[in-house]
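Novice: Take a look at this one; I'll ask things after.
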Amino acid sequence: MQDVIVYYPSRTKKIHNTGNHSDLLILFAGYYKRDDLTIEVLVDGWFHTGDIGEWQPDGSMTVIDRKKNIFKLSQGEYVVVENLENVFGLFPDLDLIWIFGKSFEACLVAVTNPNKQAIEHYAEAHNSSGDFEALCENRKIKEYVLGELPKVRKENKLKGFEFVKAIHLDSVTFIVIMKAVTGALDMVNFGANC
């Protein structure tokens, strides 16, 4: 881990970063005639955008995520959740996936909405029976889905700590009414454990 020093004509700022990723700060003089708002948003004279930037080989920075979408696992590795949800979402037997981790845990967990037709097809081919809700609770079905995720991880060259080690299959689609999704269709962080 290294710090990046950003030079401006009148100020120098160290930005704590994790490898290639940095908390994006902007030198900000303040809001026009609104000192009250300026005081609220500045920390040591810097405006913290809440974005995470990634340094490019040409020296430029690209915004890659929001700071709130990144967390650190107990072993010190930073996880970009949205990227993992997009990658594991490629598995066709899942309609939706939400990945969660905690700073005092070493692994990730997933809450998913499996694809009903795919799960029913798998169940029929493997002599499992029951309605969709029962199939989602079926240990063999969970093991199947969890067993397929390493293939997706390997195909997309994810790191070992970016793997889901526990899964919950939910037959009820994540919807705003359940308060599992915000109005902007972001997953609510309601907690889960390995």
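Novice: Rounded to the nearest 0.05, what FRET efficiency is calculated for Ser171 and Glu82 with R0 set to 22 Å and r the Cβ-Cβ distance?
Specialist: Numbers: r = 24 Å, r/R0 = 1.11.
That pair, Ser171 with Glu82, gives E of 0.35.
Novice: Can you compute the charge dipole magnitude of the stretch 73-178 about its Cα centre, using +1 on each Lys and Arg Cβ and -1 on each Asp and Glu Cβ, nothing else charged? Give it in debye, rounded to the nearest 20. List each step's numbers first, then the result.
Specialist: Values: 11 positive and 16 negative charges, 88 e Å.
Roughly 420 debye, rounded to the nearest 20.
Novice: Extension gain Phe47-Ala106, at 0.36 nm per residue separation less the Cα-Cα distance, in nm? Don't jump to the answer; show the numbers that get you there.
Specialist: On the way: separation 59, 0.36 × 59 = 21.24 nm, distance 3.21 nm.
Here the segment from Phe47 to Ala106 would lengthen by 18.0 nm.
Novice: Quick one: net charge of His121's neighbours, Cβ under 15 Å, K/R +1, D/E -1?
Specialist: Details: positive: Lys116, Lys140; negative: Asp93, Asp95, Glu120, Glu124, Asp131, Glu148.
Net of charged neighbours comes to -4.
Novice: Sticking with this structure for a sec: Suppose the chain between Lys67 and Leu90 were pulled fully straight at 0.36 nm per residue; how much longer would it get relative to their current alpha carbon spacing?
Specialist: Details: separation 23, 0.36 × 23 = 8.28 nm, distance 2.39 nm.
Length difference between fully extended and current span is 5.9 nm.
Novice: Which whole number in µm²/s is D for the stretch 16-117 by Stokes-Einstein, with the Kirkwood Rh taken over Cα pairs at 20 °C and 1.002 mPa s? Present the calculation step by step, with values, prior to reporting the outcome.
Specialist: On the way: Rh = 16.2 Å.
It diffuses with D of about 132 µm²/s by this estimate.
Novice: Please compute the Cα-Cα pair-distance distribution of the stretch 58-99 with 5 Å bins starting at 0, giving whole percents from short to long.
Specialist: Percent of pairs per bin, in order: 5, 20, 20, 20, 17, 11, 5, 2, 0.
Novice: So which of Lys72/Lys142; Lys102/Lys140; Lys116/Lys151; Lys67/Lys116; Lys140/Lys165; Lys116/Lys142 end up more than 24 Å apart by C-alpha?
Specialist: Exceeds cut-off: Lys72/Lys142; Lys102/Lys140; Lys67/Lys116.
Novice: Over the Cα atoms of the stretch 73-178, what Rg and Dmax result, in angstrom?
Specialist: Computed over the Cα atoms of the stretch 73-178, radius of gyration and Dmax are 14.1, 43 Å.
Novice: Taking R0 as 25 Å, what's the FRET efficiency between Gln117 and Lys157 from their Cβ-Cβ distance, rounded to 0.05? Before the final figure, lay out each step's value.
Specialist: Numbers: r = 29 Å, r/R0 = 1.17.
Efficiency for this residue pair is about 0.30.
FYI, it's all coordinate maths here, none of it is from the lab. Given the structure is predicted, the values throughout are model-derived calculations rather than measurements. When we count neighbours, we look across all protein chains shown, and the Cβ atoms used for this are built from the backbone with ideal geometry, even at glycine.
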